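Data first, discussion second: the structure below is written as structure tokens.
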Amino acid sequence: MTTHHRFELHEMSLRDGMHPKRHQIPLDRMVAIAVALDEAGVPLIEVTHGDGLGGASINYGFPAHTDEQYLRAVCSRMQRARISALLLPGIGTVDDLRMAVDCGVKCVRVATHCTEADVSRQHIGLARKLGIDTVGFLMMAHRAPPEFLLQQALLMESYGATTVYITDSAGYMLPADVTARVGLLRERLSADTGIGFHGHHNLALGVANSLAALEAGANRIDGSCAGLGAGAGNTPLEVLVAVLTRMGVDHGIDLYKLMDVAEDLVVPMMDTPVRIDRDALILGYAGVYSSFLLFAQRAAAKYDLSSRDILVELGRRNTVGGQEDMIEDVALDMCKSRGAGS
Amino acid sequence: MTKLDAAIIGSGNIATDLMYKLLRSEWITPRFMVGIDSGSEGLARARSQGLSTTAGGVDGMLAEFGAGKIQIAFDATSAYAHAENSRKLIERGVRVIDLTPAAIGPYCVPPVNLDAHLDSQAMNVNMVTCGGQATIPIVAAVSRVQPVSYAEIVATVASRSAGPGTRDNIDEFTRTTAGAIERVGGAKRGKAIIILNPAEPPLIMRDTIHCLVEGTPDTVAITASITAMIQEVQRYVPGYRLKNGPVFEGQRVSTYLEVEGLGDYLPKYSGNLDIMTAAARRTGELMAKQMLASSR
């Protein structure tokens, strides 16, 4: 690999990992993991409700603690690492953003569906004005072709984002898809603008896609210890770090310490193994938002349906991130058609 | 039959759709459309329907038409322009129905609290947000049966039906809708979520309303109340439909709706925009009915 440019790794287990934990990570666990990641040299750690600031809801799940409680507890304990928060306009507001910055967050990632960047102007603008690391996060990026994504990335850049992400929320992309998207952004965005990649491991391509992103010029890559994240999880960070070490790429993280965080702190916390079961596989295969997984499984159990069928139907209806409310709705529709058919 | 003369302030998509709805009204005659760009398509359409038009704003209309002619005005401009428009109109005794997010006057969701505004003869009422018009009737239908400690709505609209105003200030939607869920819907705490979906062909507006009630939900009474409320909204939005529910789980009551527009000017999938213009028409008509009755 020819990667010699500088890049940073961004840890997700305390935000994306909130999905498989149903947003119930205990406060002391959250702090212990963040402290251990900091000691391992991880430069950026995300801490928020799985659906971002303001995600506490019936629709996405009420967390064990508020965003503010988590952020205050974690931020005060960091020696070197910067804490980031996720914000989805339409769910969270600029008030949540101000609160997060007040707690000590040094980076805000403003996430929109990959075709709707223009709802992020207010939030990106404020984050930049507040002087923090400002990231635009284009979710479900497999749904738009590279040229379209570029236009959306340019919008975020014009609002003040200093990094723009290609976010593979469904874990659907193949390495060539990542190369095409990251490569075009690298070519056409300002040289000062960073490019990031956020993967999900639903097709076991988290590491391969991250390498493709780095090779195409990305300078920020997301991963999660033991993969703890929605669907089959995020790119397993300790695996990516091991691969990068073997490749001789400088990443600044202590591999053994990171492996220990994964094995000793994150894995014991898992409610169920985060793995590519058939539901997670169908997310990646059919291009469905990874956070739908547990909701579909719960609806399947409640209404005696197949969770795979529910997920496929959600994909067929072109649902986007945040439409968790459609899962019970789809299940009820499936019950009706089952009733009509029998 | 006598009708009341009304003006439409604004000449964009919402104003144009509202004009077509008012042209069918038994209580209101749209006389004037007020724009700021003489070349706008909305003004041309208004002229072709026999309305007077001006590109000189509210001042232009008042100068041309004088006081006492127009009795109701619908403002479909912007939150920035609304305060001045409203002040000038009310000064001339014109009652104002505000379709912008300005919310100077009290929130109005017709089947929930229009009667109260008619009783108090409010001079300016605000139509909340599209998501508010679609969901607050359901929150109220639950809270009139049993106390609602928390209500949360998810409004999903087609990307094509979310205009630049909404996109520029999406927080205004979440804040305003959440506030009105409490003040008009009767929930102790409210939350609103909006999702834009770019699917093609565009999806029809979807709304999910989750309520947490105090105590065990009275499933029979709540279901009956929601059914009655849906029929009430259907009087002015025929495409307001229950898709699923109400689902009862513990203290949660969830209702899944679809809102299809009439397609007067805006496409049918834009139920979010249609329910605003339909609710504004409904509000104006009941005001007109009251004003005509008292002048007789």
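Here are the numbers for this structure:
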quantity	calculated
Evaluation of residue B:198 against (1) out of contact with any His (no Cβ under 8 Å at 6 or more places or on another chain); (2) of a type outside the set (D, E, K, R); (3) at negative phi (one fails), failing number	(1)
Number of the condition not met by residue A:74 [criteria: (1) crowded, with 24+ Cβ neighbours inside 10 Å; (2) touching a strand residue (DSSP E or B) at 6+ places or on another chain (Cβ under 8 Å); (3) not in a helix (DSSP H, G or I)]	(3)
Filtered residues of the range A:79-92 (kept if under 19 Å from the mean Cα position of the chain (by Cα) and either within 14 Å of chain B (Cβ to nearest Cβ) or not in a strand (DSSP E or B) (or both))	A:81, A:87, A:88, A:89, A:90, A:91, A:92
Meets criteria (more than 20 Å from residue B:18 (Cβ to Cβ) and among the small types (Gly, Ala, Ser)) for residue B:250	yes
Which listed residue is out of contact with any Gly (no Cβ under 7 Å at 6 or more places or on another chain) and either more than 13 Å from every other protein chain (Cβ to nearest Cβ) or surrounded by fewer than 23 Cβ atoms within 10 Å (Cβ to Cβ) (or both), from B:104, B:136	B:104
Output for the range A:326-335, where each listed residue is within 8 Å of chain B (Cβ to nearest Cβ) and closer than 12 Å to residue A:305 by Cα	A:328, A:332, A:333
In the range B:207-244, residue nearest to the chain's Cα centre (by Cα) [restricted to those that are basic (Lys, Arg) and within 27 Å of residue B:115 (Cα to Cα)]	B:235
Hits in the range A:270-289 - residues which are surrounded by 23 or more Cβ atoms within 10 Å (Cβ to Cβ) and either in a loop (DSSP other than H, G, I, E, B) or in the same structural domain as residue A:203 (by TED's automatic domain parsing) (or both)	A:274, A:288, A:289
Pair list, Cβ < 6 Å and 6+ apart or interchain, from the range B:155-177 residues that are closer than 20 Å to residue B:261 by Cα and in the same structural domain as residue B:190 (by TED's automatic domain parsing) to residues that are in a helix (DSSP H, G or I) and among the polar types (S, T, N, Q)	B:157/B:272; B:161/B:272
Near pairs, Cβ below 9 angstrom, 6+ apart or cross-chain, from the range A:12-32 (on the phi > 0 side of the Ramachandran plot) to any residue that is among the small types (Gly, Ala, Ser) and outside any loop (DSSP other than H, G, I, E, B)	A:22/A:61; A:23/A:61
Qualifying positions in the range B:158-177 - β-branched (Val, Ile, Thr) and more than 15 Å from the chain's Cα centre (by Cα)	B:170, B:174
Selection count where residues are closer than 21 Å to residue A:259 by Cα and either part of a loop (DSSP other than H, G, I, E, B) or out of contact with any helix residue (DSSP H, G or I) (no Cβ under 9 Å at 6 or more places or on another chain) (or both), scope the range A:27-71	7
Given (1) under 15 Å from residue A:10 (Cα atoms); (2) of a type in the set (A, V, I, L, M, F, W, C); (3) surrounded by fewer than 22 Cβ atoms within 10 Å (Cβ to Cβ), index of the condition residue A:108 fails	(3)
Single condition residue B:223 does not satisfy, out of (1) farther than 19 Å from residue B:132 by Cβ; (2) within 14 Å of chain A (Cβ to nearest Cβ); (3) touching a Pro at 6+ places or on another chain (Cβ under 8 Å)	(2)
Search result, residues across the range A:120-138 that are within 13 Å of chain B (Cβ to nearest Cβ) and surrounded by fewer than 24 Cβ atoms within 10 Å (Cβ to Cβ)	A:121, A:122, A:125, A:126
Pairs with Cβ under 7 Å, 6+ apart, first in the range B:241-253 and more than 10 Å from chain A (Cβ to nearest Cβ), second assigned to a loop (DSSP other than H, G, I, E, B)	B:248/B:217; B:251/B:217; B:253/B:217
Number of positions in the range B:41-77 that are within 21 Å of residue B:274 (Cβ to Cβ) and either surrounded by 15 or more Cβ atoms within 10 Å (Cβ to Cβ) or not assigned by TED's automatic domain parsing to the domain that holds residue B:101 (or both)	10
Candidate set: the range A:310-334, residues that are of a type in the set (A, V, I, L, M, F, W, C) and either under 22 Å from the mean Cα position of the chain (by Cα) or more than 20 Å from residue B:209 (Cβ to Cβ) (or both); chosen: the one surrounded by the most Cβ atoms within 10 Å (Cβ to Cβ)	A:311
Breaking point among (1) without any contact (Cβ under 8 Å) to a residue 60 or more places away in the chain; (2) away from chain B (no Cβ under 14 Å); (3) farther than 30 Å from residue A:31 by Cβ, for residue A:323	(2)
Only listed residue being within 13 Å of another protein chain (Cβ to nearest Cβ), acidic (Asp, Glu) and over 20 Å from residue A:323 (Cα atoms), chosen from B:207, B:168	B:168
Criterion: within 13 Å of chain A (Cβ to nearest Cβ), closer than 16 Å to residue B:276 by Cβ and either more than 16 Å from the chain's Cα centre (by Cα) or surrounded by 23 or more Cβ atoms within 10 Å (Cβ to Cβ) (or both) - qualifying residue of B:155, B:151, B:180, B:187	B:155
Output for the range B:26-40, where each listed residue is touching a helix residue (DSSP H, G or I) at 6+ places or on another chain (Cβ under 6 Å) and either at pLDDT 95 or above or buried (at least 21 other Cβ atoms within 10 Å of the Cβ) (or both)	B:27, B:28, B:30, B:32, B:33, B:34, B:35
Residue match in the range B:111-130 (condition: small (Gly, Ala, Ser) and crowded, with 24+ Cβ neighbours inside 10 Å)	no
Residue list for the range A:112-171, filter: small (Gly, Ala, Ser) and closer than 18 Å to residue A:216 by Cα	A:141, A:153
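To keep it simple, each residue is scored yes or no on (1) assigned by TED's automatic domain parsing to the domain that holds residue A:115; (2) assigned to a helix (DSSP H, G or I); (3) within 17 Å of residue A:236 (Cα to Cα).
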{"site": "A:248", "(1), (2), (3)": "yes, no, no"}
{"site": "A:263", "(1), (2), (3)": "yes, yes, yes"}
{"site": "A:301", "(1), (2), (3)": "no, yes, no"}
{"site": "A:309", "(1), (2), (3)": "no, yes, no"}
{"site": "A:330", "(1), (2), (3)": "no, yes, no"}
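The values are calculated or read from the model by the stated rules, or taken from the named source; none is laboratory data. Here the structure is a predicted model, which means the values were calculated and not measured. Positions of Cβ are generated from backbone atoms using ideal geometry, with glycine treated the same way; all protein chains shown enter the neighbour counts.
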